[in-house]
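The values are calculated or read from the model by the stated rules, or taken from the named source; none is laboratory data. None of the values given here were measured: they were computed from a predicted structure. Using ideal geometry, Cβ is built from the backbone for each residue, glycine included, and neighbour counts are taken over all protein chains shown. We work out accessible area using only protein heavy atoms, side chains counted, and drop any ligands, DNA or RNA first. Shrake-Rupley method; radii C 1.70, N 1.55, O 1.52, S 1.80 Å.
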Amino acid sequence: MAIVNSVLGPLDTAKMGFTLSHEHVIVNSAGIQQAYPEFLDRAGSIRKGIAALRQARSEGVRTIVDVTTMDLGLDVRLLEEVSRESGVQIICATGTWRDIPRVFWTATPDMIALLYVREIEKGIEGTGIKAGIIKVANDMGGVTPEGEIVLRGAARAQKATGVPISTHTWAPERVGDQQVHIFEDEGVDLGRVYIGHSNDTTDLDYLVRLLKKGVWLGMDRFPGGNMPGTPDWEGRAQTIAKLVAAGYAHRLMLGHDWSVTLSIATRERQAERERRNPDGYLFITRRVLPRLRELGVSQQAIDQMMVDNPRRFFEGKR
Ligand SMILES: [Zn+2]
């Protein structure tokens, strides 16, 4: 039996079931809840998270990978409560998103790795709730010097613990190539690396090149279409169908990058986002999977992407 850390404790990977590979319950900023709580309705977010995930569970979702980091306002007690009350299993993250703390800029990769290892092996903020994945992020403009320190720290924590890495990228600039280059330099097994937000592009040359390196691709922004130069959800579905037809169903995972509260966006953008995706965590179930079937993707390939691949990824199987 293989085990992954969930916010409710060790989880048998055989029980992961239908899994969304990149989600959030809340997105906020470090320290806000403690210092300026007016920016986050914590109790309301818990209620919304429970309601949304109960509904998702009733339509088949069993597990979400919540890749919210400290600099995104990670609140593991909130995740614990939402998981317990909704019945959806949540795997939470250590690691760092784009708001890299200034103290990391002068740290060494080994110092960063020790922090991540502690959150995997002992727990986050003294709670005993352990991270099941290591998150890193590089966006427009590619890997910065401080971004590189974090990538190398994540690589070393991966090698020390065996826990996999999930990345945020800006696919239109092929930032996944730069991340892979650093992971290769660190000697990370690329079968333990997930290159996320890869469906922000329809560039098959880039995507297949990454797949040939042995990484997993996160087709994990749905419906998308809100950022200039990125495809709408039909374009995203077609790209998945093309990669499946090319024989890569065994390396793809799907998610929305959804959250019930997105404190870092303006109220207008939050309202616009809910208009664009009234289905929340269920857009894939209700819309994308039926469309993939129309595009000729088999139920077997869908089960592979939604059930088998997340399990194999966390088990460290090829
Ligand atoms: Zn995200």
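A few points about this structure:
- In order through region 90-104: 3J(HN,Hα) via Karplus (6.51 cos²θ - 1.76 cosθ + 1.60), integer Hz, x for Gly, Pro: 10, 9, 9, 10, 9, x, 9, 8, 7, 8, 5, x, 4, 5, 6
- Counted over region 19-156 with a bin width of 10 Å, the fraction of Cα pairs per bin, in whole percents, is 12, 40, 34, 14, 1.
- The helix-based estimate of mean residue ellipticity at 222 nm for the chain, built from -39,500 (n - 2.57) per DSSP H run of four or more residues and divided by its residue count, is -12000 deg cm²/dmol to the nearest 500.
- Neighbours of TYR281 by Cβ distance under 14 Å: Lys/Arg scored +1, Asp/Glu scored -1, total +1.
- Across region 62-182, the mean sequence separation of Cα contacts (distance under 8 Å, 6 or more residues apart), normalised by length, yields a relative contact order of 25 percent.
- Net length gained if the chain between PHE39 and GLN299 were fully extended (0.36 nm per residue, minus Cα distance): 89.3 nm
- Here the alpha carbons of the chain define both size measures, Rg and Dmax, at 17.9, 51 Å.
- Count of Lys pairs (Cα-Cα under 19 Å; at least 8 positions apart or interchain) in the chain: 13
- Surface per residue (accessible, 1.4 Å probe) for region 244-308, Å²: 46 Å²
- Protein accessible area in the chain, 1.4 Å probe - carbon and sulfur %: 50 percent
- Taking amide H atoms as placed 1.01 Å from N in the peptide plane, the amide H of THR144 has no partner under 5 Å among residues 5 or more positions away or on other chains.
- Extension gain for ALA246 to GLU59 (0.36 nm times residue separation, less C-alpha to C-alpha distance): 64.4 nm.
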